[in-house]
Structure formats: structure tokens, C-alpha cells
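Engineer: Have a look at the structure that comes next, please.
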Amino acid sequence: MTSVFVAWGVLTLIGLAIWPFLFALKSGWLDRGWARARLFALTLVWAVIWLGAHTQILALSATTTLAVGGIVIAAGTLAWIRHHAALSAFARTHWKTFVMSEAVFALTLLLFGWARGMHPDISGTEKPMEYMLLQSIALDRSLPPHDAWFAGGQMAYYYGGYVWVVALGHLSQIGLGTLFVITPAIIAALGAQLAYATVLSIVKNPVAPLVAPLLVFSGNLAGIKNALLSAPPIDWWAPSRVFEGAITEFPSFSVLLGDVHPHLIAMPFVIALLYLALSPVNTGVSIVWGLLVGALTVINPWSSIVAGLLLIVWLIAKRPITKVMLHRLAAGTGVALTLVLVWFLRAPHTPQRFALSTDHTPLLAYPTMFGLFFLIAATSLLYLRLTRQRNRAHTVLFLLAAVIVIVLPELVHVDDFFSGQSERMNTIFKFWFDGWTVAAVQAAILAALVLDVIAQAPRGKVIAGLILVILVVATLAYPVQTARTFAFRNPQNGFQGEAWLARQDGGDLTRALQWVRGNLAPSATIIEPVARLYTLDNLFSTYTGRSTVIGWGQHEALWRGDWHVVQARANEVEAAYRDPTPERWRALIAQYDIAAIVVYTERQRNLPREEAGVAATRETLHSSLAPLGSPAFESATVTIFTLKER
């Protein structure tokens, strides 16, 4: 857990440095911006690196990131000295607010961190893809980064979130293998604290807002049912696929799964926009908004839809909309556009087309996925009306924004390579995740208002406490039982994402990776087997960031919009492993400037894809490579040939 505490300490340090500036804003935040401080500080450091590395003014390196972080801390120190009296007085007056807020952050970080330590392996699902993106970025000194799965090409996937994670790694000096494992827990803690603070700023009761992180990280009704009716190990995967042809992930599932995916990295940014909407539209708040929206857009472009809807509701809430307000908002818009354009104008992109949806969601899927939130919201609104409490019209509008995001795939979807029942798979995945996040926080606001009203009645605190206990049991059932399931299935605990590999093949592959990292230049290109989807058949590019000719074909085709180029590369590599000749290898070496070639002892591992046929024997492959180079690393499992001077 040392790495978790180190990351926590670094985020707290830069958060403390930036808090005086957030404190100075005229805002509606009860904690004067503290819940946003860690996220904003890291994002500010990221933004400087992001702009500098894209324009070649700054290097993308640990030294640069630490220097920027140092400047933030120095500026914060001066601000603390100047405003020490006001900051200290506020902290003394609102110490309960800070204690509860920090307790939410700490418990979320430690509990999800503990769970991630039970399931740390960087293998399966899309973890190899995400790890490859991080490794590629960490090796480069400028942006856009190279794509280790497409030799000679730049990264065509949206990589803003991965630069953000690498920046955290540079600041904390935590290795990527460990950082990958703990990042979902860090993201969860940032989101939980922001959700709590958002509700607290409205309800102003330190206990009732605990509903917010509970709802955000609850399971859906399918997950809650599995968790309450079954003993571990439970079927924790099924709730993420509530109907065929769709991915229906939700925050606790994504955090526990451990995929460091853009939709998860974006989650605290979406909640931060809800938190920000409590403030008036002044210049300072507008700049904060611009930084968050710009970052959110390049982290997960899908979330730009929900960001736009939240902006509309924010402006409606601040009516009348004046020219002064729009002029102030223009400052933030400029910040956001700057962050987006340096990426959009420099990195390769595949134009995304929208198409009308022909497949539709089974009606039962909606209550299975979102029923808990809308049941709580409807019940709370009814109770507040019956007790003649002030109507939360703005909360209803934010809920409406969530509904729009959720039902939008019924009308249109991104037209990618998927068809039939799966045509809306990615669109539902991304939009429903954002819709969940917004709906959870808004339902929590209504529930917290009800708890606050109940608590003021005679014996009301007992009743409110019982309701809160019921919510705790229901909402935490899925994440707790899932963590227990991991504990049952994986006795090897820890935070080293690559450690599992040392237990495979007698540790040969771990030693081979160490050789590659120590002997091949970061810019080197290798030939290794063409991988099956969601596997580590292309281990060396994935775990070291050295480029290979082609990685996961489907993903590269989706990113680049060209199946023919991807398939041609796969055919060339597989032909070399199937029918190896010096001439065939020479053609690949010349075309892609190859520095090393990987040959496994087991024939099937050289041609893992079933459609590729049968690989040549180890002896035949070695013989074909002998005129071109020699084994530089050799073990019972794998041989790595380095080539003669080219």
C-alpha cells in the first residue's frame, strides 16, 4: 500500500498548494473548492505539459513535470503566506466539513486500493491496450506520442487521459506497473470526494451527503441482486452486460475491473462540472470550467456531449443570461479550445460518423441499470412536495440531462465497424456511464434533502440513520462482494501489475522484458507475433512501449479507419512466421526499420491467431534469421534476435 499513500501525499501536497486560488473565487462551494483542489492541481500541471509537449516548447519528461509541480507548490506557498489568516480561520470554522470530506476520500481510496491489490494483473480485457498507451507516452518526449502497436505511426486514439496518468507517475515517481493498478482507486477517491462536496454544498448537513458516494459506486439492480442473494464468488461480470450487444459498465465495476480507460478517467471531471455548477459565472470560475472541459474533451471525447448539456443547465440556473456572463464564459471557452485544438490539429484522427439506430434497448434494461436512482429521485421529490419543501428545479433539470444522454443511443450511434445487435455497443457504453454519474449525484442531492428533513423531526435522526444504513447495505453489496470474489480467486495480493508474469514460463518472459528495456532504444521497432484480441500475444510492445509492426488489429482499424492497411501488416508478419525466408525477413526489416525479432519456442505462440495457419518450427525460424542476425537473448521460452548493422 506504500504506493497508494505516496500518490495520496503528492495529490494532497499540490492540492493544498492550489487551494488558496480556488478559495479566492466567489463560489457556492461550502468547502471553498477543497474537494476540487487535488483534481484541479494535477490537471493544471497536466495542462502545462500538454501544451508544452504538443508545441515542442517543453519536453514530456519527469524533470519537466516535477519542475511544473514545483512552481505550483511555490506559488501556493506564497498564497498561503499571504492569505494565511483567512484560510486558517475558515478551516477552524469548518473543520467538520474537512474531516468528513477527507474521510470520504481516504476510505474510498483505501477500500478500492485494497480491492485492486487483489486483482492487479495487467492482462485480459483492454488492460494490455491501456498499458501500451501509457508505456508509449512515457517513452516519448513530445506529443503526439508514437503508437507502439503501429510501427512508424502516431497514436490515433484519444490519449489525453493517459498523459494525465503519466503526469501523476512523474510527480509521484511511481512505476507504471504499480501506477496502473492503483489509478482506478485514485480516480474513485477523487470522484467520491467531489460527489460528497457537491451534495454538501446544497444540504449543508455533513452526514446526509454520504449518500452521494454510495450511489455513485453502487451496483446496478442486477449487481445488487447477485451480491445480496449469493455468497462469494459471485457473478460480478454479468451486471456489466444487462442486455445482449451492449456494454453497461458503471463506476464500481470499472474501478474493480481495473481498466484504466478514458471513460473512467473522465468520471471525476464530470462530477467536477456538477460541483462547479453551484457557482456563479464569474471570470475565475469560467477559467476553472474551461480547464476542466478542455481536459475532459481530450480525455474522453464522448463526454463532450454531457459537458454541453451540463453547461446548458448551468446557464439556465443562472438566468438571466447577460452579455457580461457570456464575456466571462468566453475566457473559459478559450482555455478549453486551446487544450482541444493543440491535440486536434496535431494528432491523427478518423472522422466519426453518426448513424440512425436500427437496434433498440429492451425496456427492462433501463430499470435494471438505472432503477435505483430514479426510484430514489421520484420518491424524494414526492416527499419533498408533500412536506412543502423548496423545489429543486435545477436538480430535476440535471436529471433530465442525464436522461437525454441515456436515451440518445435509441436515436443515433457512432457508426463504427460493429453492426446488428452490437451497432450501438460503444455508444451505449460511453453515454450510459456518463448518464449514470450525473443521475447518481442528482438522486443523491434529493435523497440527502429528504434525510435532512427527516432528521429534524422528533426521533428523526434514528429514522434517517436507519435509512442511511439500508442504503449502505444495498449500495455497497456489489463492490464488497466483488472484492471478496477477487480475494477468493487470487491469493497473490500486491500492487505490481507485472508481477504475475514472473510466475509464468519460469520467469523467462520477465527476464526477456528486462533485456528489451535495457538493450533496445525506446525508439526501436521489433517484430513479434500478431496478437489475438484481448491477449498479450504481443507482450513486448505492450509492456515496453517499443513499436511492433501491428498490435490488436481491430483496435488499430477502429482508430485509423482503415482495415486494409492493418490487415496487410498482419499478413506480412504472419507470412514471415509461417514461411520464413531471409528475403521475407529482409523486406520487413527494410520497410519498418526493425531492430529485433521475437521467436517463441512453442510454435503456436508465433502464430496465435487461428486463421493464420501453422508456424514454422523453431529450428526453421532460427535458420532463416541466422544470415541476418544472432540471438541476443535466449531462454527455454523465447529467443530475441538482434540484427546486424542495417
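Engineer: Look at Gly117 and say whether it is modelled with pLDDT of 95 or more and among the small types (Gly, Ala, Ser).
Structural biologist: Judged against the criteria, Gly117 is not a match.
Engineer: Criterion first (within 28 Å of the chain's Cα centre (by Cα) and exposed (fewer than 15 other Cβ atoms within 10 Å of the Cβ)) does Leu411 satisfy it?
Structural biologist: Here the answer is yes, as Leu411 does meet what is asked.
Engineer: For region 242-258, state whether one or more residues are surrounded by fewer than 24 Cβ atoms within 10 Å (Cβ to Cβ), free of Cβ contacts under 8 Å to residues at least 60 places away in the same chain and of a type in the set (Ser, Thr, Tyr).
Structural biologist: For region 242-258, residues surrounded by fewer than 24 Cβ atoms within 10 Å (Cβ to Cβ), free of Cβ contacts under 8 Å to residues at least 60 places away in the same chain and of a type in the set (Ser, Thr, Tyr): absent.
Engineer: When you scan region 567-579, do you find a residue that is touching a Ser or Thr at 6+ places or on another chain (Cβ under 9 Å), closer than 21 Å to Met129 by Cβ, open to solvent by less than 20 Å² (accessible area, probe 1.4 Å) and at pLDDT 95 or above, even just one?
Structural biologist: yes
Engineer: Got a number for residues in region 365-406 being farther than 20 Å from Thr198 by Cβ, part of a loop (DSSP other than H, G, I, E, B) and in contact (Cβ under 8 Å) with a residue 12 or more places away in the chain?
Structural biologist: Within region 365-406, residues that are farther than 20 Å from Thr198 by Cβ, part of a loop (DSSP other than H, G, I, E, B) and in contact (Cβ under 8 Å) with a residue 12 or more places away in the chain number 1.
Engineer: Something else now. Could you say which residue among Ile224, Ile174 is assigned to a loop (DSSP other than H, G, I, E, B), surrounded by fewer than 24 Cβ atoms within 10 Å (Cβ to Cβ) and β-branched (Val, Ile, Thr)?
Structural biologist: Result of the check over Ile224, Ile174: Ile174.
Engineer: When only residues in region 77-130 that are open to solvent by 10 Å² or more (accessible area, probe 1.4 Å) and among the hydroxyl-bearing types (Ser, Thr, Tyr) count, which is farthest from Pro479 (Cα to Cα)?
Structural biologist: In this case the residue turns out to be Thr77.
Engineer: Right, something else. Could you please let me know if Gln135 is touching a residue at least 12 places away in the same chain (Cβ under 8 Å) and surrounded by 21 or more Cβ atoms within 10 Å (Cβ to Cβ)?
Structural biologist: Numbers: touching a residue at least 12 places away in the same chain (Cβ under 8 Å): yes; surrounded by 21 or more Cβ atoms within 10 Å (Cβ to Cβ): yes.
Judged against the criteria, Gln135 is a match.
Engineer: Let me ask another. Determine if region 21-34 includes at least one residue that is surrounded by 16 or more Cβ atoms within 10 Å (Cβ to Cβ), under 26 Å from Pro120 (Cβ atoms), basic (Lys, Arg) and in contact (Cβ under 8 Å) with a residue 24 or more places away in the chain.
Structural biologist: No, every residue in region 21-34 fails to be surrounded by 16 or more Cβ atoms within 10 Å (Cβ to Cβ), under 26 Å from Pro120 (Cβ atoms), basic (Lys, Arg) and in contact (Cβ under 8 Å) with a residue 24 or more places away in the chain.
Engineer: Moving on to the next point. Out of region 503-528, which residues are more than 27 Å from the chain's Cα centre (by Cα) and small (Gly, Ala, Ser)?
Structural biologist: Kept after step one, since they are more than 27 Å from the chain's Cα centre (by Cα), are these residues of region 503-528: 503-509, 511-512, 514-516, 518-521, 524-528.
Within region 503-528, Gly506, Gly507, Ala512, Gly518, Ala521, Ala524 qualify.
Engineer: I'd like the residue in region 527-539 that is in contact with a helix residue (DSSP H, G or I) (Cβ under 6 Å, 6 or more places away or on another chain) and within 22 Å of Ile137 (Cβ to Cβ) and, out of all such residues, is modelled with the highest pLDDT.
Structural biologist: Per the stated criteria, the residue is Glu528.
Engineer: Continuing with the same structure: Looking only at helices (runs of 4 or more DSSP H) that fall completely inside region 505-560, which ones have 3 or more residues that are under 28 Å from Asp416 (Cβ atoms), touching a residue at least 24 places away in the same chain (Cβ under 8 Å) and open to solvent by less than 20 Å² (accessible area, probe 1.4 Å)?
Structural biologist: 539-544, 553-560
Engineer: Output the number of the condition that Ala440 fails; it satisfies all remaining conditions of (1) surrounded by 19 or more Cβ atoms within 10 Å (Cβ to Cβ); (2) of a type outside the set (Lys, Arg); (3) in contact with a Gly (Cβ under 7 Å, 6 or more places away or on another chain); (4) touching a residue at least 24 places away in the same chain (Cβ under 8 Å).
Structural biologist: Of (1) surrounded by 19 or more Cβ atoms within 10 Å (Cβ to Cβ); (2) of a type outside the set (Lys, Arg); (3) in contact with a Gly (Cβ under 7 Å, 6 or more places away or on another chain); (4) touching a residue at least 24 places away in the same chain (Cβ under 8 Å), only one is false for Ala440: (3).
Engineer: A follow-up question, please. Can you pull out the helices (runs of 4 or more DSSP H) entirely within region 246-344 that have at least 2 residues that are β-branched (Val, Ile, Thr) and farther than 16 Å from Phe431 by Cβ?
Structural biologist: Correct list: 283-299, 304-317, 323-344.
Engineer: Taking region 349-406 as the search range and keeping residues that are of a type in the set (A, V, I, L, M, F, W, C) and surrounded by fewer than 11 Cβ atoms within 10 Å (Cβ to Cβ), which one is nearest to Pro144 (Cα to Cα)?
Structural biologist: Taking the candidates together, the pick is Leu356.
The values are calculated or read from the model by the stated rules, or taken from the named source; none is laboratory data. Computed from a predicted model, the values in this text were never measured in an experiment. Quick reminder, even Gly has a Cβ in these numbers, built from the backbone with ideal geometry, and neighbours come from all protein chains shown. Accessible surface is based on the protein model in full, side chains and every heavy atom, while ligands, DNA and RNA are left aside. Shrake-Rupley method; radii C 1.70, N 1.55, O 1.52, S 1.80 Å.
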